[in-house]
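Encoded as structure tokens, the structure appears first; notes follow it.
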Amino acid sequence: MSQTTAHHHAPPRGFLRTHVFSVDHKVIGKQYLDLALVAVCTGMVLSWLMRFHLAWPETPIPGLDRVSPNGAAGGVITPEYYLALMTMHGTIMVFFVLTTAPFAGFGNYFLPIQVGAEDMAFPRINMASFWVTLLAFLVLVSGFVVGDGPPLSGWTAYAPLSAVGKDAGPGQGVGQTLWAVSITLFCVAQLLGALNFITTTLDLRTKGMSLARMPYATWAWFITSVIGLIAFAVLMPACILLILDRVAGTSFFIPGGLVISDRLQPHSGGSPLLWQHLFWFFGHPEVYIAILPGFGIISQILPVFARKPLLGPRVLIACLIAIAFLSYTVWGHHMFLSGMSPFSATLFSVPTLVITIPATIVTLLWIGTIYGAKLRFTTPALFCLGFVSVFVSGGISGFFLAQPSIDTYLHGTYFVVGHFHFVMGVAAMFGIFAGTYFWAPKMFGRLMNETLGKWHFWLTFIGVYCVFMPMHFLGLAGNVRRYSAFTDDYLKPMIPLHQFITIAALFTGAAQLIFLVNLVRTRLRGPKAPDNPWEATTLEWSTTSPPPFDNFGGRPPVVHRGPNEYGATAGGSDYVMQASPQSAGPA
């Protein structure tokens, strides 16, 4: 469907309208990425505090007692404060980093350009979605400054611990309520964004941009927005019901006869399992909301540096759609230990194994693409290869957790921590890094430093394996997750391995300073970038760097071919751009 040539809105005037309250999708995309950068630094510091305490549980952390006199008196983290750090780390990373950066950040900036549109379909709703997301983040982190501190119920906020209020422990008063309000706001913002993505993709494609010609990143953002439209529409009412249980005396998730802290709770008839079902019906699709944009980014970048077409593009798109559909059939594998019948566990186990098939096919397409290619080992290409590596490493451990009998042993251990950090956390972060190094010339008009980028990659790649691979061995040894210390039980022999992981985590976190220095240096005074430094084919590389306000300078592009035109051509070049006329040979 072709877009109209009319502008959605006039060019902005004034600093606030241009850089703060902007309706330009490119500014909003950069705002999302900047928010994710602040969030990831916050979450990383929280993980450092946890890791330090696990390795040296009786060693004071200088200055922490000033930040939290109750949770870390004398600088030593209490078990409750450890759980609070874990809760905030998980919530910030899952929602405000892994969802915000690859989907809302890069998607907002590049989806309209890649389909040849001037902006998102609903620019003001787009602006509202960012500011609601920012508000959600501020509400969440305000839990650190309220009287009883942040919540300690984990990022999953299992009821009844999260539903009964301050009787459940420190942070379960105002802090837990702020958590629920924050996630409700976040759901609102994501629903607004998903509607915008879907409408823009379906209604604002330029002339010649059929669905079959859309870039793979655009397909991934589109499919992810469909997943999010359903998933966040379930989590939002669940959070509202949780808030009602906490402040209005309802009993959606609190059973009768429950005694906590020697006090009979004034509730009856609720079901804690209802919260688990509602949360994980969102929670497992959320894994793919975090990782599918990475799939699209990798699928778009790899052919650029392999200098050959992506293997099986239609198969790739079919696999992404299959993953999206199957993601709603597997939520029960998070609940194998909730008391479900073996028959129900089998019903959830089978699709959990089946969903690995399209993911494996996509991985084989990537490997087939680089097989025999003259790969250009740039920083974006290295992070693409790293993505494939960590995704496979994390995915393999998922086979164990898909079996109810094996998961019964492993579910509460560090095996699960290693698994989901690899397959969801590190893989998604590698997709974010690949996209940043690849698209920075287009976003900022400046090239990032390749030497710093390669140092960043290798230190990070080695570091994440040193951090998360040993966690699988800890899990097999029965090391329970969520414990704040292992000083007085059978896990004492595991402490040296925890110390190794902590040192590796501090090292890997320090390596991210290279990325920060490179990013800030690039935005301030990096070398000027040409319009198409990577010799890529998609529409964003046919406009200036950075793009003008309406993306194409008042001349909407006409698309003549797909995004996969790499390899030898009649004119001696090895690529043809999407906007090149059929009679015009290579770019």
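The values are calculated or read from the model by the stated rules, or taken from the named source; none is laboratory data. Remember, it's a predicted structure, so these values are computed and weren't measured experimentally. Quick reminder, even Gly has a Cβ in these numbers, built from the backbone with ideal geometry, and neighbours come from all protein chains shown. Surface areas here come from the heavy atoms of the whole protein model, side chains and all, with no ligands, DNA or RNA. Shrake-Rupley method; radii C 1.70, N 1.55, O 1.52, S 1.80 Å.
So the values come out like this:
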| quantity | calculated |
| --- | --- |
| Dipole magnitude of the range 433-523, debye to nearest 20 (Cβ charges: Lys/Arg +1, Asp/Glu -1, about Cα centre) | 420 |
| Once the Cα gyration tensor of the range 334-384 is diagonalised, semi-axes √(5λ) in Å | 39, 13, 4 |
| Protection proxy ranking, peptides 157-167, 336-346, 137-147, 99-109, average beta carbon neighbours within 10 Å, highest first | 99-109, 157-167, 137-147, 336-346 |
| Normalised contact order of the range 210-347, rounded percent, pairs of Cα under 8 Å and 6 or more residues apart | 30 |
| Shape box of the range 71-166 [Cα atoms, principal axes, largest first, Å] | 56, 25, 23 |
| Dipole magnitude of the chain, debye to nearest 20 (Cβ charges: Lys/Arg +1, Asp/Glu -1, about Cα centre) | 1380 |
| Local electrostatic count at LEU375 - Lys and Arg +1, Asp and Glu -1, tallied over other residues with Cβ under 12 Å | +4 |
| Highest average packing first - 509-516, 196-203, Cβ atoms within 10 Å | 196-203, 509-516 |
| Solvent-accessible surface (1.4 angstrom probe) belonging to ARG376, in square angstrom, nearest 10 | 90 |
| Per-residue [θ]222 nm for the chain (sum of -39500 (n - 2.57) over DSSP H runs n ≥ 4, rounded to 500) | -19500 deg cm²/dmol |
| Carbon + sulfur, % of accessible area of the chain - ligands and nucleic acids excluded, 1.4 Å | 70 |
| About the Cα centre, charge dipole magnitude for the range 485-587 (Lys/Arg +1, Asp/Glu -1 at Cβ), debye | 360 |
| Rounded D (µm²/s) - the range 112-267, Kirkwood Rh over Cα pairs, Stokes-Einstein at 20 °C, 1.002 mPa s | 122 |
| Per residue accessible area in Å² of the chain, where ligands, DNA and RNA are left out and the probe is 1.4 Å | 38 |
| Distribution of pairwise C-alpha distances over the range 473-587, 10 Å bins, in % | 11, 23, 16, 14, 14, 16, 6, 0 |
| Mean separation of Cα contacts under 8 Å (6+ apart) over length of the range 385-505, as relative contact order % | 33 |
| Rg(Cα)/(2.2 N^0.38 Å) for the range 228-280, N = residue count | 1.24 |
| Which of ALA504, ALA180, GLY567, positive extreme of dipole for the chain (C-beta unit charges) | GLY567 |
| Per DSSP, loop chymotrypsin sites (Phe, Trp or Tyr not before Pro) in the range 393-488 with at most 16 further Cβ within 10 Å | TYR483 |
| Relative contact order (%) - criterion: Cα under 8 Å, at least six apart; region: the chain | 16 |
| Relative compactness, the range 241-379, computed as alpha-carbon Rg over 2.2 N^0.38 Å | 1.53 |
| Semi-axis lengths, Å, the range 7-70, gyration tensor of Cα atoms, sqrt of 5 times eigenvalues | 43, 13, 6 |
| Over the chain: Rg over Rh, Cα atoms, Kirkwood Rh | 0.97 |
